[in-house]
Ligand SMILES: NC(=O)c1ccc[n+]([C@@H]2O[C@H](COP(=O)([O-])OP(=O)(O)OC[C@H]3O[C@@H](n4cnc5c(N)ncnc54)[C@H](OP(=O)(O)O)[C@@H]3O)[C@@H](O)[C@H]2O)c1
């Protein structure tokens with residue numbers, strides 16, 4: 001795709017992202033409130049089953065018109081989803097013709113998302129498919145690998161999405177994806193095992209040119225005994241760290257209730273008490289500092305002090321407020337890391353011991369002035 005001067009405008013992905021799924025008729029209101037509350041990243045999707053992309057676009061245009069935010073300060077991402085007749089229930093929920101070839105489905109879906117998420121009204125004329133040539137989307141995420149398991153279809157979809165970068169799509173992401181697919185789709189050229197796996201799974205490098213790495217992986221971050229999902233998505237988070245890919249987590253609250261509902265006191269509850277914020281906010285902040293961006297779709301976004309960027313700022317300011325706070329921050333962050341990466345639970349008592357040791361160590365090494 002050709003680029004234009006709009007290519008120059010893009011913003012860094014914020015570490016807190018407002019999720020617009022499952023808001024129904026309240027999508028516009030909550031999305032607007034989220035921007036008012038300070039969110040600068042918005043996640044949506046093009047299929048009208050869980051998302052209402054039209055309403056998200058209206059909220060964005062209102063927030064820009066009301067001078068709450070400028071387009072270049074926003075990070076907007078949406079998704080291309082595979083056709084699934086089981087989802088329809090007689091409704092027209094697709095942003096493309098399901099009978100069309102994949103190339104056309106993706107082209108129609110991208111055009112529709114650009115039109116729905118456009119930042120202003122002035123350039124829209126009669127034709128529905130016409131979009132402002134400077135409208136852009138910061139990240140277009142492939143909602144999942146191909147549901148029939150065909151990695152060559154997934155490869156094709158990613159290649160097609162890449163062809164829209166850098167304009168009107170700045171970057172491409174991939175969601176609901178796990179290590180075997182990632183290692184096959186993006187084999188390290190010098191790694192025989194990756195290449196053999198790719199070939200076994202139908203991705204012979206001679207027929208499938210190397211794909212550019214996605215900029216973003218968006219996955220569930222869950223630790224639940226009844227879930228089939230890998231615990232805390234450890235392997236994929238490591239893959240992202242190794243390959244320089246941004247990791248976005250969803251289900252942080254719903255998939256890990258024990259971390260924040262008070263039944264298992266540890267790093268999250270300790271930090272929340274120290275700062276005076278609620279447990280979910282402490283969990284989000286610690287997760288961000290463990291290297292993730294966090295999706296949060298809370299409906300209490302309009303309630304002052306209950307959730308969102310202002311509470312996140314409060315934690316960051318507290319962290320910088322003195323040496324004792326800095327030490328507590330470190331032991332809580334290390335404590336959460338130990339659990340999510342190594343599987344070693346850290347109690348509040350362990351945290352207090354760790355703080356004492358850290359203070360002692362700093363005293364001996366002259367780290368603090370007393
Ligand atoms: N790629 C994908 O396949 C995929 C799948 C799922 C989700 N997503 C994205 O991720 C976003 C987030 O989804 P999610 O599954 O993580 O769940 P969520 O929509 O963020 O819901 C989290 C739950 O936690 C509650 N909650 C939030 N803040 C709270 C607080 N401070 N105290 C107590 N409860 C609180 C919310 O209730 P309240 O609303 O009452 O606060 C809600 O019931 C979605 O909107 C969507 O954009 C993507």
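Throughout, read-outs are computed from the coordinates displayed, never taken from laboratory work. These numbers were taken from a predicted model, which means no experiment stands behind them.
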### Query
Taking a ≥ b ≥ c as the square roots of the eigenvalues of the Cα gyration tensor of region 241-347, is the shape rounded (a/c under 1.5), prolate (a/b larger than b/c) or oblate?
rounded
### Task
Using only the C-alpha atoms of the chain, find the volume of their convex hull and express it per residue in Å³.
176 Å³
## Note on the structure
Candidates 297, 343, 120; GNM for the chain (alpha-carbon contacts under 10 Å) flags as most fluctuating 343
### Summary
Scoring the chain by relative contact order with C-alpha pairs under 8 Å, at least six apart, yields a percentage of 15 percent
### Angle in degrees between helix 151-162 and the longest Cα principal axis of the chain, rounded to the nearest 10
90 degrees
### Task
Please give the helix 309-319 orientation as an angle from the longest Cα principal axis of the chain, in degrees from 0 to 90, rounded to the nearest 10.
30 degrees
### Cα Rg, Dmax, region 158-261, angstrom units
15.6, 52
### Message
Taking 2.2 N^0.38 Å as the expected size of a compact globular protein, what ratio does the Cα radius of gyration of region 272-319 give against it, to two decimals?
### Response
1.06
### Message
Averaging over every viewing direction, what projected area does the convex hull of the Cα atoms of region 55-194 cover, in nm²?
### Response
10.4 nm²
#### Entry: With Cα atoms, 0 to 90° folded angle of helix 53-65 axis to the chain main axis
70 degrees
